[in-house]
Amino acid sequence: ETDEEVKVLKPKVAVCKEDDDFMSAFDQMMNDSIQARTQESLKVPHVDIAIPTQVKNKTKKLALPGQGISDKEDEEKDKEKSGTTGLKFVLMTRKGNKQQLTDFEIPMTAEFATKFKEREEAEKLE
Amino acid sequence: EEEPEENQFCMKDLPKHACSYCGIHDPACVVYCNASKKWFCNGRGNTSGSHIINHLVRAKAKEVTLHKDGPLGETVLECYNCGCRNVFLLGFIPAKAESVVVLLCRHPCANLSNLKDMNWDPSQWQPLINDRSFLSWLVKVPSEQDQLRSRQITAQQINKLEELWKDNPDAKLEDLERTGLDEEPTQVQLRYDDAYQYQNIFGPLVKLEADYDKRLKESQTQDNIVTRWDTGLNKKRIAYFCLSKANDEMKLMHGDELRLRYIGELQKSWSGVGHVIKIPDNHSDEIAIELKSNAGVPENCTHNFVLDFVWKSTSFDRMQSALKTFAVDDSSVWGYIYHKLLGHEVEDIVLKCTLPKRFSAPGLPELNHSQVYAVKTVLQRPLSLIQGPPGTGKTVTSATVVYHMVKQNNGPVLVCAPSNIAVDQLTEKIHKTGLKVVRLCAKSREAIDSPVSFLALHNQIRNMDTLPELNKLQQLKDEYDRLNNSELGRAKEIKATAADVICCTCVGAGDPRLAKLQFSSVLIDESTQATEPECMIPVILGCRQLILVGDHCQLGPVVMCKKAARAGLSQSLFERLVVLGIRPIRLQVQYRMHPALSSFPSNIFYEGSLQNGVTAAERIRSGLDFPWPQPDKPMFFYSTFGTEEISSSGTSYLNRTEAANIEKLATRLLRAGVKPEQIGIITPYEGQRAYQVQHMQYNGALNKKLYMEIEVASVDAFQGREKDFILLSCVRSNEHQGIGFLNDPRRLNVALTRAKYGVIIVGNPKMLSRQTLWCHLLTYYREQKCLVEGPLSSLKECFVNISKPRKLVN
Ligand SMILES: [Zn+2]
Ligand SMILES: [Zn+2]
Ligand SMILES: [Zn+2]
């Protein structure tokens, strides 16, 4: 009858040799990748990554509170679900030779989102 | 009670994109590995990295695709600018003013200068992988609830599954149990009924290690090798080349065999085998192999070569054969030794021997009292252990023992150690006593130069042409070379040198050239670094008197196969004999460290028994301008509270602050006039090692060349060696990791006992003090007023809270 809360215990890291080995293998792989890159003499195409105009307009809109593309109600619901607010972003990727733009959300808990918000506010003050 | 099977996890009805480890299949949470064509989730379960990262690392894969129904749609992750798909290099940068981000590789694209002009903010670059999982906005992390209800897979099971996939890519976790791969081998024991049981337990462990080694080496093929050709003094062709991957994985050593293949179109394909004669060092990354045959070598070609590692079973075969001989041939060791080794109760025996009047050997330093005691005791016993803590003159003692054993006239003495370096060091010392020494090398190492090359059998034979006896021998040698190296000829070759002492590695003692010879006296140095089957190779050549030298309080043998290590293969024979109650004779006077440096290791690792054979005055560098907090104690703990450890900078496994501090300390020592080769830097992780090397060379205030001469390596690489000054960097990896390597007391012991004139430890005292052993170390440094912080020019005592030390239990 009672609406007893189900307490789920957070999965705990099981300390073991295999896991330690994984961690050092990870470090090794990260390091090898970086090393190999810095040693290679890479022929990199000239950077020409202009911010597309459609994004400029779109994001400007998004940055204004309450005028986002997504429905405000949905947004509220999302907030309730995750308990955090997110920041809307557009991710620029390439599919073959075509540029692809995808909307997505970075949770406010992410360090990057916090920084972005701070900067934005600082700019508003100016 | 209603749905008892709910908890039972069932894989069979899951969609294709379910995590191959745990079954989670929310499209927003899974990633496709392009190489292995399997899906994995971004949840950690009970491991330190998310499942996809676990997989990528273990399968050495780097490219991934996101699910079409995920938040970003079907996307191959790649650098927007250069197309690089290595996810370990990818990150993103935001635009300065707009809410837009772009994926770029860390180097070179995110570093290109004109990005700023285009309104991007490269200083905000962040990696896609953070704390060993993908950023959650890129791939969702399954909820804790979902993770707990999915299949609980352990790191051990992940390992086994990945192994299984190498042979059978369609294998499922359920197959693990079916194939019996989950079975653990029988554990080693303290005592054995007989040598058959001994062989039955060790044989499978050696097999496991051999299989592991074989698979590892054979997976190392590398293509796109560019070659440069040269000819050696012996007219053999030498190929020089660099490996695109770091050498860490290959772990190449002198004498290893590599196969070089030409697959280009400039001439017909070719393949040739050669021995490694040069490995990468601080000066050049080149590797050199000397080819066995000059026939058809494509000397005009430089590109389009492929390199394979040639795995050799020799060392494992020799261990197996030693185990077998021990079991079936009762003349292989004398009965007393046989029973002692198996842990049986045997009445003590005193050997008849004429004790010398003088215990010090000619050409070697005078012995101290504990060394004399050791020599005197072991000469009268059939089986003894000598424990040599750091700097106590183990090699001199061993050489002196060998000298007196030869004088007992019981035939030639066989002297072994696990590594070639250790054998060379001991050979040199024995040679100084005036004994006739032969250094027996593997054929593949004959081309390698060492300080004792002139004592090598092949060189001695070559130099003895003048003797009529040897002329005959040379003829014989040529003869048997023709007759495909008959064993008899080989044995005669050694006999003809009339050697008092034969020196070789433990594995080298299984050389066919020794097979027909008997050695009643055997000494094994560094025996605590050999596995038990390795130690048995020299023992089964008719041993009646066995002396094992080593230190079980320093690092033990390296066993790569985890299963074999767990079953006890990583315990040395020396250690087992200690557990069986054979008391090692401990050398007690150390001649290496400043007394202030030896005090802690002595108290913690050797029950306070180490005495100092050097005075503080002899170990103070007079006139050295260096800011020791206590002028009479050349040591301090330099507190560093680097926050990078838990930051999201993408290099969280590195500790930049620590690397910067180590560089400042090194620079200060160099400025004070310390030669770079007298400084050693110990770092626990390969990642930190490489970063440290680079950081010093690019950011150090002095000439880059000076920093290149400073050896930066793991503790293991410093075992058995010494430096004037040691800088120890203690980084731990990050929040999901304990203190890792630093927990091992034997490793800490080695790290603390390498320096003669000074030790500086750099680390976070707060974090380290959570570990009992480190807590004791920190308390000691604090008591000595050597726990400090602040700039080097004005070090101040550091009063950070550290835990109270708990009692150490041995
Ligand atoms: Zn999973
Ligand atoms: Zn790039
Ligand atoms: Zn017995």
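The values are calculated or read from the model by the stated rules, or taken from the named source; none is laboratory data. These figures come from a predicted structure and were not determined experimentally. Cβ sites come from the backbone with ideal geometry, for glycine too, and all protein chains shown count toward neighbours. Protein only, heavy atoms only, side chains kept; ligands, DNA and RNA dropped before computing areas. Shrake-Rupley method; radii C 1.70, N 1.55, O 1.52, S 1.80 Å.
The three principal axes of the C-alpha atoms in region B:253-304 carry coordinate ranges of 35, 20, 13 Å, sorted with the longest axis first. Averaging the sequence gap over all C-alpha pairs within less than 8 Å and six or more residues apart, then dividing by the number of residues, gives chain B a relative contact order of 9 percent.
How big is the gap, in Å, between the Cα center of region B:343-367 and the Cα center of region B:783-799? One Cα centre to the other: 49 Å.
For chain B, the Kirkwood hydrodynamic radius from C-alpha pairs, put into Stokes-Einstein at 37 °C and a viscosity of 0.692 mPa s, yields a diffusion coefficient of 110 µm² per second. Structural descriptor for region B:658-709: relative contact order 45 percent, calculated from alpha carbon pairs under 8 angstrom and at least 6 residues apart.
Couplings 3J(HN,Hα) of region B:537-549, computed from phi: 4, x, 5, 7, 8, x, 5, 10, 9, 10, 10, 9, 10 Hz, in residue order, whole Hz [Karplus 6.51 cos²θ - 1.76 cosθ + 1.60, θ = phi - 60°; x for Gly and Pro]. Report the one residue of B:Ala171, B:Cys109, B:Leu148 whose Cα lies farthest in the direction of the positive end of the charge dipole of region B:95-204 (charges on C-beta: Lys and Arg +1, Asp and Glu -1; origin at the Cα centre). Comparing the listed Cα positions along the dipole, B:Cys109 ranks first. Per-residue surface analysis assigns A:Thr102 an accessible area of about 30 Å², computed on protein heavy atoms at 1.4 Å probe radius.
Taking Cα atoms only, the orientation of helix B:595-605 departs from the longest principal axis of chain B by about 80 degrees.
Within 14 Å, Cβ to Cβ, of B:Tyr80, how many net charges do the neighbouring residues add up to if Lys/Arg are +1 and Asp/Glu are -1? If you can, show how the numbers build up before the last one.
On the way: positive: A:Arg94, A:Lys95, A:Lys98, B:Arg85, B:Arg106; negative: A:Asp48, B:Glu78.
Result for the neighbourhood of B:Tyr80: +3.
Accessible area per residue (1.4 Å probe, heavy atoms of protein chains only) ranks B:Val507, B:Val87 as B:Val507, B:Val87, with the largest value leading. Within the full protein context, the accessible area of B:Thr772 is estimated at about 30 Å² for a probe radius of 1.4 Å. When region B:336-442 is described by a simple charge dipole with +1 on each Lys and Arg Cβ and -1 on each Asp and Glu Cβ, the residue from B:Pro389, B:Ile349, B:Thr377 located farthest towards its positive end is B:Thr377. Exposure check, 1.4 Å probe, all protein chains in place: B:Ile263 carries approximately 100 Å² of accessible surface. For region B:308-459, averaging the sequence separation of C-alpha pairs within contact (under 8 Å, six or more residues apart) and dividing by the residue count gives a relative contact order of 18 percent. Local charge for B:Ala564 was computed over the other residues whose Cβ lies under 9 Å away, with Lys and Arg +1 and Asp and Glu -1, and equals +3. Annotation: amide H of B:Ser271 within the under-5 Å range of B:Tyr262, sequence separation 5 or more or interchain, hydrogens built in the peptide plane. Volume of the convex hull of region B:326-465 (Cα atoms only), normalised per residue: 165 Å³. To the nearest ten degrees, helix B:656-671 and the longest principal axis of the Cα atoms of chain B are 50 degrees apart.
Could you compute how much accessible area chains B and A hide from each other, both sides summed, with a 1.4 Å probe? Nearest 100 Å² is fine.
That pair of chains buries around 6500 Å² in total.
The phi torsions of region B:53-69, fed into the Karplus equation with coefficients 6.51, -1.76 and 1.60 and a -60° offset, translate into couplings of 5, 3, 5, 4, 5, 6, 8, 6, 9, 9, 10, 9, 10, 8, 6, 5, 8 Hz, rounded to whole numbers, with Gly and Pro shown as x. Each DSSP beta bridge with both residues in chain B is either parallel or antiparallel, and the antiparallel ones are about 50%. The charge dipole of chain B, taken about the Cα centre with unit charges on the Cβ atoms of Lys, Arg (+1) and Asp, Glu (-1), comes to about 2460 debye, rounded to the nearest 20. Taking amide H as placed 1.01 Å from N in the peptide plane, B:Gly758 has its amide H under 5 Å from the amide H of B:Ile726, each at least 5 places away in sequence or on another chain. What angle, in degrees between 0 and 90 and rounded to the nearest 10, separates the Cα long axis of helix B:772-783 from the longest principal axis of the Cα atoms of chain B? Once rounded, the angle reads 80 degrees.
Averaged over peptide B:130-137, the number of partner chain Cβ atoms lying within 10 Å of each residue's Cβ comes to 3. Here's how it looks for B:Val589: its modeled amide H is under 5 Å from those of B:Gln611, which are all 5 or more places away or on a different chain. Overall, the accessible surface of chain B at a probe of 1.4 angstrom is composed of carbon and sulfur to the extent of 49 percent. Using a cut-off of 9 Å between beta-carbons, work out the net charge of the residues near B:Phe309 (Lys and Arg +1, Asp and Glu -1, B:Phe309 not included). Here the count lands on -2. Working note: 222 nm ellipticity from helices only, DSSP H runs with n ≥ 4, each -39,500 (n - 2.57), summed and divided by the residues of chain B, gives -9000 deg cm²/dmol to the nearest 500.
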